[in-house]
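Nothing in this text is a laboratory measurement; each read-out follows from the coordinates by a stated rule. It should be emphasised that the depicted structure is a prediction, and the values quoted were computed from it without experimental measurement. FYI the Cβ positions are ideal-geometry reconstructions off the backbone, even for glycines, and counts take in every protein chain you see.
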Amino acid sequence: MDFYALKFIANSNLTGEIYVGYMFGKKGQSPYFNVLLLTRTQQKEFEIPDISKDYLDFKSDVDMQYYKLASKYKNDNLLIQFKTYMYTTLKKMNNNVIGTKLFLAIEENDIYVLKSILSDILSEWAGETKSRVIAQKFDYKDLTWLDAVKEKGEGGLEEYLYREDVKNSVETYPVIDPIEGYPVSKLDIGEQIIVLPIHKVNDDEKKPGQIVEGKIISKELIPSTDYLFLKIDLGSGNIGKAIVSRELKVSIDQNKLQSLRNSEESEIKEEQKVIGDLYSQMKKNGTMPSSKRMSYLDIILISGFSMLGILLIILIAILLGEF
């Protein structure tokens, strides 16, 4: 088990409100969450997401309902207040500790602990609550396969998988990490990438293989889309191919991830230093343009053109006088 997902629905005995949402994460990491607050009136207007659905479908329903609620009740910030409350409460209870508690409770299938954690989170807002929770466990392979099956891309993209240069290559999908992953668009050619091979059983069925580490040998931005076409060296003469969103967060070696992050920070600091040094040098050499100098230059230019104009008028008058 690498990831946990907790789906929940709770009723407040104090306010009559219903709270529906999810929390997703890894051990020792702050949970990623979204949550709905439905008042008694809104419970009649909006469909309550079905907690028995698979996590990804349930998550999609919650996110969509949140958007609808936020759009309809723009002037009523109760929904935003509640989400802010959830954020500050998790922070106060220590995000990483809560993430670890949820992970361990789900790993041990302890529903009572999960309900207790949820009750503690909601108590200051809702008072006593009755809740129902459903947990799901994921490893990298499961989560990647679910994402690969759901990811359809845009119309016409699949033709890239059947190009002449890759028609015999293995279809793959990068192993994802929504929590600590690195955007695939930032990986360079020659860098390692962990992928899940996808094997075709028949025209209508595919199944996942075993996770392997490969090396990016080609990366193309598909025109007019936010998708990339990757060619990957899988070793032993095998080539993989994949179509992925450029913002897909993929799993890479943690040491490599930290190295990339440190490199990005160093580049930003170096750029700031170069700009600062350039500014200081120009100021020291007196080559820095100043508004004062520019204004004097403008005055000289304007005066010069004015004198030229006056002389031209006098010359024309003299010539006309002679005629």
* Label-point gap, in nm, between Met1 and Glu45 - each point 7 angstrom along Cα→Cβ -> 3.9
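Work out, step by step, the length gained on full extension between Ser218 and Leu146: first 0.36 nm times the residue separation, then minus their alpha carbon distance; give nm to one decimal.
23.4 nm
Report the full-extension gain for the segment Gln81 to Glu164: residue separation times 0.36 nm, less the Cα-Cα distance, to one decimal in nm.
Details: separation 83, 0.36 × 83 = 29.88 nm, distance 5.47 nm.
Length gained, Gln81 through Glu164: 24.4 nm.
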* **Net charge of neighbours whose Cβ lies under 13 Å from the Cβ of Asn96, counting Lys and Arg as +1 and Asp and Glu as -1** => +4
* Distance (nanometres) between label positions extended 7 Å along Cα→Cβ at Ser185 and Ser116 -> 4.5
* Glu247 versus Tyr73, label points 7 Å from Cα toward the beta carbon: distance in nm? -> 2.7
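Under 9 Å from the Cβ of Glu107, count the other residues' Cβ atoms, weight Lys and Arg +1, Asp and Glu -1, and hand me the total.
Values: positive: Lys27, Lys137; negative: Glu108, Asp110.
Around Glu107, the charge tally is 0.
At a Förster distance of 35 Å, what's the computed FRET efficiency of Lys207 paired with Glu108, Cβ-Cβ distance as r, to 0.05? Before the final figure, lay out the partial values.
Details: r = 30 Å, r/R0 = 0.86.
Once the sixth-power term is evaluated, E becomes 0.70.
Just order 96-106, 39-49 by mean Cβ neighbour count inside 10 Å, highest at the front, would you?
For the peptides 96-106, 39-49, the packing ranking is 96-106, 39-49.
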